[in-house]
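Written out below as structure tokens is the structure these notes cover.
Throughout, read-outs are computed from the coordinates displayed, never taken from laboratory work. Keep in mind that this is a model prediction, so the values were computed, not measured. In this analysis, Cβ positions are derived from the backbone assuming ideal geometry, glycine residues included, and neighbour counts consider all displayed protein chains.
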Amino acid sequence: MSDNPNPSDSAIEVRQLRKEFGVLKAVDGVSFDLKRGEFLSVFGPNGAGKTTLIKILAGLTRPSSGTARVAGYEVAEGRSEMRREIGVISHSSALYADLTPMENLIFFGKMYGLDHPKESALEVLEDVGLAARRHDRVRTFSRGMLQRLSIARAILHDPSILFLDEPFTGLDIHASNVLKEHLQTLHNNKRTILMTTHDVSCGLEMCDKVALQVMGKFAFFEDIKDVDKENFETMYFDAVRNNQFTMGIRPH
Amino acid sequence: MNLFLSQITAIVWKDVVTELKTRELFSAMFIFALLVILIFIFSVNLSIVKASEVGPGILWVAFLFSGTLGLNRSFVMEKENGCLMGLMLVPADRTAIYFGKLISNFVFLTIMELFILPLFMIFFNIDLLEHLAPLLLVIFLGTLGFCALGTLLSSLASNLKTREIMLPILLYPILVPIIIGVVRMTGQILAGEPLSEMMNWIGLTASFDIIYIGVSIMTIDHILEE
């Protein structure tokens, strides 16, 4: 991980963050701190604003108001230095389907200004267990392999902070377990991780802090040691059911 | 500065490797340009009108229409699988992304034009070889302006559902000064006039090239941001 010019203890500091799309408040007054090396799982029903929160923190979209500091850098300033410190895994793989994993990673390595992009690419491919498929086109990969390759792309430049947006979506049990192992290794390597997920057991198992986002707000934010998992699960499913009512969907 | 240049080179390398594997862009542009020229060959009676008079317009219609196909693919390719998001996450100046895409588009379109020129020469029975140097200069200026503006507008249109329709509607009206300039210059070259006779047109086309690139540098950051 690269040295940070700001030796603050917090990896992520968010204060009264808001993002509005017309009348819709996607993120509504969210505030929290995440220390270096901590793992935050953010749960919430569809449309709660989880993806928008990650997009703001990754500098992909500007907040309407409030402040967010990531790795000591003000997100709204859109600094390149901040982008060096973060890796993002989202719904889409951000990989070129007609290129091979090696070609994709060498390309991103060059974009990150790595000294030895080829060696770095091979190293992360070995980390995620895809070295044997390094010369196959990405188009031929399964969803699970794509997700592992996305991890390789996200950690290629050795970022200190990772944002994961529903990384388990569409994976079978085996692929989920493999991905979980990779995330656990990344967490053990002292990377700060913010993950949004619908997988309650998996999210609670891996994290240090838990948040529940509902209609843009953080309705719940606690240390995992202070969380009663059964109560939290009930609260989460209530939030999802209420959200279905709001969206006009009848629950079973 | 070194990182900026290596990022531009990386984008061009990635686009060239992709094109070498898929051959989607070149084959589509080449076949379309060839069809445009063939349609005009059969619809224009070359025993009544001079080929050197109608030829420049037909040549540039073929270049620009087929080039629009390529531009449409340019940023759509980046949108597939969220690749543009991946590019936005790297510590790169947005103008590096713009210049990388501009150079890729320019290279692909120029190669297609170089393949079309001999066919145009055969179909219209015009000897381009004696005017090759000035003609290549005009093609360079026209293609640069087209790609400079087209790359910017394709990045804008790639966010729209009706991107295939919107790109030409946005592009051609703003491109009018360059289209007029290059068609007039090509006509003068085929009529055997020296380059010194068309300095005003060269100046105008080069000025618009610079303006389009300047405007793109100033606006690409806002256009690429969601």
For the pair A:E126 and B:I223, what calculated FRET efficiency results from E = 1/(1 + (r/R0)^6), where r is the Cβ-Cβ distance and R0 = 51 Å, to the nearest 0.05?
0.85
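Note the full-extension length gain between B:M121 and B:A133 as 0.36 nm times their separation in residues minus their Cα-Cα distance, in nm to one decimal.
Working: separation 12, 0.36 × 12 = 4.32 nm, distance 1.50 nm.
The span from B:M121 to B:A133 would gain 2.8 nm if fully extended.
Is there a quick way to get the dipole size of segment B:67-187? I mean about its Cα centre, with the Cβ of Lys and Arg at +1 and of Asp and Glu at -1; what is the value in debye to the nearest 20?
Details: 7 positive and 7 negative charges, 80 e Å.
Dipole of segment B:67-187, to the nearest 20 debye: 380 debye.
With r defined as the distance between the Cβ atoms of A:E230 and A:S80 and R0 fixed at 56 Å, what FRET efficiency is calculated, to the nearest 0.05? Numbers along the way, then the final one.
Working: r = 45 Å, r/R0 = 0.80.
According to the calculation, E is roughly 0.80.
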Would you calculate, for chain B, the mean residue ellipticity at 222 nm contributed by helices, counting each DSSP H stretch of 4 or more residues as -39,500 (n - 2.57) and dividing by all residues, to the nearest 500?
-29500 deg cm²/dmol
Likely footprinting exposure, A:Y236, A:Y96, fewest C-beta neighbours within 10 Å first
A:Y236, A:Y96
Of B:V138, B:I217, B:I202, which is farthest on the positive side of the dipole of chain B, counting Cα position, with +1 on Lys and Arg Cβ, -1 on Asp and Glu Cβ, and the Cα centre as origin?
B:I217
Expressed in nm to one decimal, what extension gain is obtained for the pair B:I211 and B:F42 from 0.36 nm per residue of sequence separation less their Cα-Cα distance?
57.1 nm
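With an 8 Å Cα cut-off and a minimum separation of 6 or more residues, compute the relative contact order for chain A in percent. Don't skip to the end; give the middle numbers.
Working: 468 pairs, mean separation 67.1, N = 252.
Taking the mean separation of contacting Cα pairs over the length of chain A, I get 27 percent.
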Label point 7 Å out from B:F4 along Cα-to-Cβ: which residues of segment B:203-226 have amide N under 19 Å?
B:210-224
In nm, to one decimal, how far is the modelled label at B:I169 from the one at B:E197, with both set 7 Å along Cα→Cβ?
4.1
At 7 Å along Cα-to-Cβ for each site, give me the label-to-label distance between A:R139 and A:T169 in nm.
2.4
DSSP beta bridges in the protein assembly as shown [antiparallel fraction, %, rounded to 5]
55
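How do A:E13, A:E74, B:E53 line up, fewest other C-beta atoms within 10 Å first?
Details: A:E13 18, A:E74 14, B:E53 11.
So the residues, fewest neighbours to most, are B:E53, A:E74, A:E13.
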Work out the length of the dipole vector of the protein assembly as shown about its Cα centre, built from +1 on the beta-carbon of each Lys and Arg and -1 on the beta-carbon of each Asp and Glu, and round it to the nearest 20 debye.
640
What is the sum of charges, Lys and Arg at +1 and Asp and Glu at -1, for the other residues whose Cβ falls under 13 Å from the Cβ of A:Y73?
-1
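Tell me whether the protein assembly as shown comes out rounded, prolate or oblate; compute the Cα gyration tensor, take square roots of the eigenvalues as a ≥ b ≥ c, and use a/c under 1.5 as the rounded threshold. Could the numbers behind the result be given before it?
Values: a/c = 2.46, a/b = 2.31, b/c = 1.06.
Taking the square roots of the gyration eigenvalues as a ≥ b ≥ c, the protein assembly as shown is prolate.
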Using +1 on the beta carbon of Lys and Arg, -1 on that of Asp and Glu, and nothing else charged, what's the dipole of segment B:2-224 about the Cα centre, debye to 20?
520
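If Lys and Arg each add +1 and Asp and Glu each add -1, what is the summed charge of the other residues whose beta carbon sits under 13 Å from the beta carbon of A:D136?
Values: positive: A:R133, A:R134, A:R137, A:R139, B:K21; negative: A:D98, A:E103.
Counting the neighbours of A:D136, the net charge comes to +3.
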Proximal charge balance of B:L59 [Cβ under 15 Å; K/R count +1, D/E count -1]:
-1
Label zone at B:K21 (point 7 Å along Cα-to-Cβ), backbone N below 16 Å, segment B:96-137
none
Per GNM of chain B with C-alpha springs under 10 angstrom, the most fluctuating residue out of B:T68, B:T95, B:T151 is B:T95
How do B:S158, A:S150, A:S176 line up, fewest other C-beta atoms within 10 Å first?
A:S176, B:S158, A:S150
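Counting other Cβ atoms within 10 Å of each Cβ, which trypsin sites (Lys or Arg not before Pro) in segment B:1-85 have at most 16 and sit in a DSSP loop? Spell out each step's value before the answer.
Details: sites: B:K14, B:K21, B:R23, B:K50, B:R73, B:K79; in loops: B:R23, B:K50.
When the trypsin sites (Lys or Arg not before Pro) of segment B:1-85 are filtered for loop state and at most 16 Cβ neighbours within 10 Å, B:R23, B:K50 remain.
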Using θ = phi - 60° and the Karplus curve 6.51 cos²θ - 1.76 cosθ + 1.60, what whole-Hz ³J(HN,Hα) does each residue of segment A:24-31 get, with Gly and Pro shown as x?
7, 9, 6, 10, 10, x, 7, 9
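Could you work out how much longer the chain between A:D223 and A:H91 gets when fully extended? Use 0.36 nm per residue separation minus the Cα distance between them, nm to one decimal. Could the numbers behind the result be given before it?
On the way: separation 132, 0.36 × 132 = 47.52 nm, distance 2.66 nm.
44.9 nm is the gain from fully extending A:D223 to A:H91.
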